[in-house]
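What follows is a single structure, written as structure tokens, with notes after it.
The values are calculated or read from the model by the stated rules, or taken from the named source; none is laboratory data. What you see is a predicted model, and the numbers here were worked out from it, not measured in a lab. Counting neighbours? That spans all protein chains shown, and the Cβs are built from the backbone with ideal geometry, glycine included. Side chains included, ligands, DNA and RNA excluded: accessible areas come from the protein's heavy atoms. Shrake-Rupley method; radii C 1.70, N 1.55, O 1.52, S 1.80 Å.
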Amino acid sequence: MSADSMLALNTYDPASAAVADPTIRGLIERRQRIFGAAVPLFYEDPVHITRAEGVWLYDHEGRAYLDAYNNVPSVGHCHPRVVDAVARQAAQLNTHTRYLSEVVYAYAERLLATFPEALSNLLFTSSGTESVDLALRMARYHTGGAGFIVTRFAYHGHSTAVAEITPAFGPGVPLGVHVRTVPAPPQGRSGEDVSQAFAAGIEQAIADLRRHGIRFAGAIFDSIFSSDGLYADPPGFLRAAAETVRRHGGVYIADEVQPGFGRTGAGMWGFSRHGITPDLVVMGKPMGNGMPIAAVVARPELMASFSERSGYFNTFGGNTVCCAAASAVLDVLRDERLIERSAQVGQYLKDGFKGLQRADARIGDVRGAGLYLGVEIVDQAGAPDTREALRLVNGLRQRRILVSTCAAAGNVLKIRPPLPFSTEHCDLLLDAAEQLLAAG
Ligand code: PMP
């Protein structure tokens, strides 16, 4: 794995002297024998989690860790309503989509009802990667083009086609010749500038594809730019990007794998903060609170172009148990008002980090939306300070609070807890961060 890969961020180094526990050392050795070196492990002193509940993870000695990182168990680890839905459905029926099923259609209709009317079809998959891969194929069939645009440090997944549009794997995994990257939305400028500068990059990339004889198929952007370092503001800046893509005949694909299902606190979908309706939307991670369910939501024109060319069957995609889990996730989001909570608690956490920023120049920026924050760590010259970011991440881990990093330089703290996170949990995180800053 290249040292410049996103997967190399916040990884355990086998030379690390930080691991004192013999149980952990034994597990690390076994893991390396099984997986080889490609599968990274978090922290200098890795964590062995054996159970979880809500926003808490527990290790083999029963010690509690505050989870400020995991967005897959979005409605809370082992939420009883999701667990119950899975158990009941598993005891009754779990099969694929080639038989008629009330459970599957009822869920699909509920999910589609959360989208603008124009997005009225969907296909189920089992992972974000599969959804992105399918969306690329749909965009290609619809436009007859092959060229795609992504941001400079985007992560979209690991299949062959998707790795070719994933610069975050680093230089060891070449981008496709049909792929162009654009800089992430610029920071520190006025709203109009962010929007125009980002759209101008797209315009240039489309021109470059054309010069190389590659017909433009579309652009795919994570609506909160997680891997690039988290860019959420100002709301609306993606409008010019979507207009530019469409003006040139491309398909706009919103990657909602990270911001979707209420994370940003502004409705279900990250793209709605920007006032756009994409042509295709891909989602996954929090959809089944840990059960492997993902989807592509499409405008019917795109689904029609796809169906003319190809059939679709996916053994596990949209299986009955995963749909039951995903339906319970929607129930919990609604009944526990988790989207509103994400907005309120996220704002509290952001204000808290902004307070720390006023007192400490090492915090260069605090950004994000809802319960998805990026805290940028910089040196005295304002340049990315990866070492300091890692000191904070590992220091928090020693205080049993889990976060990680993002951005190409790995200098942005990535804070993305399960949505039942409360202001009391925020205080635990903020107090620990303040103590670590004071000690450093
Ligand atoms: N898109 C984004 C924005 C992601 O963050 C990820 C996973 N990190 C994916 C797609 C791929 O999803 P999966 O790991 O479920 O294949």
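VAL297 fails exactly one of the following numbered conditions: (1) in contact with a Phe, Trp or Tyr (Cβ under 9 Å, 6 or more places away or on another chain); (2) under 25 Å from ALA217 (Cβ atoms); (3) within 13 Å of the ligand (Cβ to nearest atom). What is the number of that condition?
In the conditions (1) in contact with a Phe, Trp or Tyr (Cβ under 9 Å, 6 or more places away or on another chain); (2) under 25 Å from ALA217 (Cβ atoms); (3) within 13 Å of the ligand (Cβ to nearest atom), VAL297 misses (3) alone.
Restricting attention to the range 56-68, which residues are on the phi < 0 side of the Ramachandran plot and open to solvent by 30 Å² or more (accessible area, probe 1.4 Å)?
TRP56, TYR58, HIS60, GLU61, ARG63, ALA64, listed by residue number.
Looking at (1) in contact with a helix residue (DSSP H, G or I) (Cβ under 7 Å, 6 or more places away or on another chain); (2) surrounded by fewer than 22 Cβ atoms within 10 Å (Cβ to Cβ), which is the one condition that is false for PRO80?
Condition not satisfied by PRO80: (1).
For PHE313, state whether it is out of contact with any His (no Cβ under 7 Å at 6 or more places or on another chain) and assigned to a helix (DSSP H, G or I).
No: the conditions fail for PHE313.
If you scan the range 286-301, which residues turn out to be surrounded by fewer than 24 Cβ atoms within 10 Å (Cβ to Cβ) and either under 25 Å from the mean Cα position of the chain (by Cα) or assigned to a loop (DSSP other than H, G, I, E, B) (or both)?
Of everything in the range 286-301, those that are surrounded by fewer than 24 Cβ atoms within 10 Å (Cβ to Cβ) and either under 25 Å from the mean Cα position of the chain (by Cα) or assigned to a loop (DSSP other than H, G, I, E, B) (or both) turn out to be GLY290, MET291, PRO292, ARG299.
Looking at GLN258, is it at negative phi, crowded, with 24+ Cβ neighbours inside 10 Å and either within 18 Å of the chain's Cα centre (by Cα) or without any contact (Cβ under 8 Å) to a residue 24 or more places away in the chain (or both)?
yes
Return the residue satisfying two criteria in turn: it lies in the range 50-71 and is polar (S, T, N, Q) and in contact (Cβ under 8 Å) with a residue 40 or more places away in the chain, and of such residues it is farthest from ILE401 (Cα to Cα).
Only one residue fits best here, namely ASN71.
Just checking, which of ARG88, ARG110, ARG140 is surrounded by fewer than 16 Cβ atoms within 10 Å (Cβ to Cβ) and more than 14 Å from GLY288 (Cβ to Cβ)?
ARG88
Among the residues of the range 25-55, count how many are in contact with a strand residue (DSSP E or B) (Cβ under 8 Å, 6 or more places away or on another chain), open to solvent by 70 Å² or more (accessible area, probe 1.4 Å) and of a type outside the set (S, T, N, Q).
Of the residues in that region, 3 qualify.
Restricting attention to the range 221-240, which residues are surrounded by fewer than 24 Cβ atoms within 10 Å (Cβ to Cβ) and not in a loop (DSSP other than H, G, I, E, B)?
Scanning the range 221-240 gives ARG239, ALA240.
So, HIS158, is that one in contact (Cβ under 8 Å) with a residue 40 or more places away in the chain and either touching an Asp or Glu at 6+ places or on another chain (Cβ under 9 Å) or open to solvent by 40 Å² or more (accessible area, probe 1.4 Å) (or both) or not?
When the stated conditions are applied, HIS158 does not pass them.
Would you be able to tell me the number of residues in the range 351-367 that are under 17 Å from THR264 (Cβ atoms) and open to solvent by 30 Å² or more (accessible area, probe 1.4 Å)?
Within the range 351-367, residues that are under 17 Å from THR264 (Cβ atoms) and open to solvent by 30 Å² or more (accessible area, probe 1.4 Å) number 1.
Need a quick list: helices (runs of 4 or more DSSP H) entirely within the range 91-208 having at least 2 residues that are touching a strand residue (DSSP E or B) at 6+ places or on another chain (Cβ under 9 Å) and within 14 Å of the ligand (Cβ to nearest atom).
Of the helices (runs of 4 or more DSSP H) lying wholly inside the range 91-208, those with at least 2 residues that are touching a strand residue (DSSP E or B) at 6+ places or on another chain (Cβ under 9 Å) and within 14 Å of the ligand (Cβ to nearest atom) span 128-143.
Report every pair of residues separated by at least 6 positions or lying on different chains whose Cβ atoms are under 7 Å apart, first residue within the range 109-131 and in contact (Cβ under 8 Å) with a residue 24 or more places away in the chain, second among the β-branched types (Val, Ile, Thr) and open to solvent by 40 Å² or more (accessible area, probe 1.4 Å).
From residues that are in contact (Cβ under 8 Å) with a residue 24 or more places away in the chain, the pairs are PRO116/THR277; ALA118/THR277; LEU119/THR277; PHE124/THR97.
Identify the residue in the range 334-345 that is over 11 Å from PRO420 (Cα atoms) and in contact (Cβ under 8 Å) with a residue 40 or more places away in the chain and, among all such residues, is surrounded by the most Cβ atoms within 10 Å (Cβ to Cβ).
ALA343
I'd like the full set of residues that are over 19 Å from PHE42 (Cβ atoms), out of contact with any helix residue (DSSP H, G or I) (no Cβ under 8 Å at 6 or more places or on another chain) and open to solvent by 20 Å² or more (accessible area, probe 1.4 Å), limited to the range 368-395.
Scanning the range 368-395 gives GLU376, GLN380, ALA381, GLY382, ALA383, PRO384, ASP385.
Against the condition more than 24 Å from the chain's Cα centre (by Cα) and of a type in the set (S, T, N, Q), how does SER126 come out, does it pass?
Judged against the criteria, SER126 is not a match.
Quickly run through the range 239-282 and pick out the residues that are touching an Asp or Glu at 6+ places or on another chain (Cβ under 6 Å) and more than 16 Å from the ligand (Cβ to nearest atom).
THR244, VAL251
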